[in-house]
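Visitor: Submitted below is the structure of interest, expressed as structure tokens.
Values in this text are rule-based calculations from the coordinates and carry no lab data. The model shown is predicted, which means the values in this text are computed figures rather than measured ones. Glycine gets a Cβ as well: all are built from the backbone with ideal geometry, and neighbour counts include every protein chain shown.
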Amino acid sequence: MNERLWVKICGLTTLEGVHAAVKAQVDAVGFVFAPSSRRVTPQRAAELSAEVPASIQRIAVFQHPEQRLLDEVCEVFRPDVVQTDLADLATLKLPDTVRCTPVVRAGSSLPKPLPRLVLFEGPRSGTGQTADWTEAERIARSTKLILAGGLHPDNVAEAVRIVYPYGVDVSSGVESAPGIKDPESIMRFVATARDARDVLIV
């Protein structure tokens, strides 16, 4: 694996945060539609992402959603990707035009074979709780893994070195207050994460 580290800023609620993520050249921006201080409406997500370049994925983040909500978000927000727990996918129907990133959680039983891409998260999303990096590293050997859970600018380099993930995902770790992203923290997180990967490649 030698591609550039994939980076997502999740739980965006303000234009300032979106602009900072775009300026930092992230690969994806995430908007939360699950119960959270970062939850937005489909209409608000569409407004916030209206000027996001096509090269940056717009991700709709769910947890155990009803089909009705998923349908509304896909119709109004029109995401590139839907992110939700792997178990949810057994009952949900996604539009053919939308890709999916399944979430697997630390300590849960995993299917065999694993999906080609997974997001590895702690037991509860959005809490800032650090995920189990040892378990994540083991999973990352057999599939593309996006590491989430408790990451911030001061620990992401170590996480990249230990887990060697395909990508990293941060939300509360780059905030000045719940739901409010700090532009300086976003820039530092992205630069630190990618520098850590570049050192490993060399």
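Visitor: Please give the Cα centre distance for the range 90-105 versus the range 3-32, rounded to the nearest Å.
Guide: 21 Å
Visitor: Measure off 7 Å from each Cα along the Cα-to-Cβ vector at LEU92 and LYS112, then give the distance between these two points in nanometres to one decimal.
Guide: Going by the 7 Å Cα→Cβ label model, 2.7 nm.
Visitor: Another question, if that's okay. Can you list the HN-Hα couplings for the range 21-33, worked out from phi with the Karplus curve (6.51, -1.76, 1.60; θ = phi - 60°), rounded to whole Hz and with x for Gly and Pro?
Guide: Values, residue by residue: 5, 5, 4, 6, 6, 6, 9, 7, 10, x, 10, 8, 10 Hz.
Visitor: Could I ask something else about it? Among 67-75, 147-155, how do they line up from the highest to the lowest mean number of other beta-carbon atoms within 10 Å?
Guide: Descending mean neighbour count gives 147-155, 67-75.
Visitor: On to the next question. If amide hydrogens are placed 1.01 Å from N in the peptide plane, which non-local residues have theirs closer than 5 Å to the one on VAL103?
Guide: So VAL103 has HN proximity to THR84, ASP85, LEU86, LEU119.
Visitor: Then there is this: When the Debye formula is applied to the Cα atoms of the range 6-201, each taken as the same point scatterer, what base-10 log of I(q)/I(0) results at q = 0.07, 0.09, 0.18, 0.19 Å⁻¹?
Guide: For the range 6-201, the Cα-only Debye profile gives -0.17, -0.29, -1.26, -1.41.
Visitor: Continuing with this model, one more query. Ranked highest first by average number of other Cβ atoms within 10 Å, how do 34-46, 89-101 line up?
Guide: 34-46, 89-101
Visitor: Let me ask another. Ranked highest first by the average count of other Cβ atoms within 10 Å around their residues, in what order do 49-55, 169-175 fall?
Guide: 169-175, 49-55
Visitor: In nm, what is the difference between 0.36 nm times the number of residues separating ARG68 and ILE180 and their Cα-Cα distance?
Guide: Roughly 37.5 nm would be gained on extension.
Visitor: Which lysines does LYS181 reach when only Cα atoms under 22 Å apart count, and residues fewer than 8 places away in its own chain are ignored?
Guide: Within the straight-line limit of under 22 Å, LYS181 reaches these lysines: LYS8, LYS23.
Visitor: Using θ = phi - 60° and the Karplus form 6.51 cos²θ - 1.76 cosθ + 1.60, what ³J(HN,Hα) does each residue of the range 13-19 get, whole Hz, x for Gly and Pro?
Guide: 10, 10, 5, 4, x, 4, 4
Visitor: If you don't mind, there's one more thing I want to ask. Place a point 7 Å from Cα of THR143 in the direction of its Cβ. Which residues in the range 46-85 have their backbone N less than 13 Å from it?
Guide: 84-85
Visitor: Please report, in debye to the nearest 20, how large the charge dipole of the chain is about its Cα centre when each Lys and Arg carries +1 at its beta carbon and each Asp and Glu carries -1 there.
Guide: Computed about the Cα centre, the dipole is about 360 debye.
Visitor: What list of ³J(HN,Hα) couplings, whole Hz, do you get for the range 176-184 from phi and the Karplus terms 6.51, -1.76, 1.60, once you set θ to phi - 60° and write x for glycine and proline?
Guide: So the Karplus estimates, Gly and Pro as x, are 8, 7, x, x, 10, 7, 9, x, 5 Hz.
Visitor: Rounded to the nearest 5, what is the percent of antiparallel bridges among the DSSP beta bridges in the range 6-201?
Guide: 5 percent
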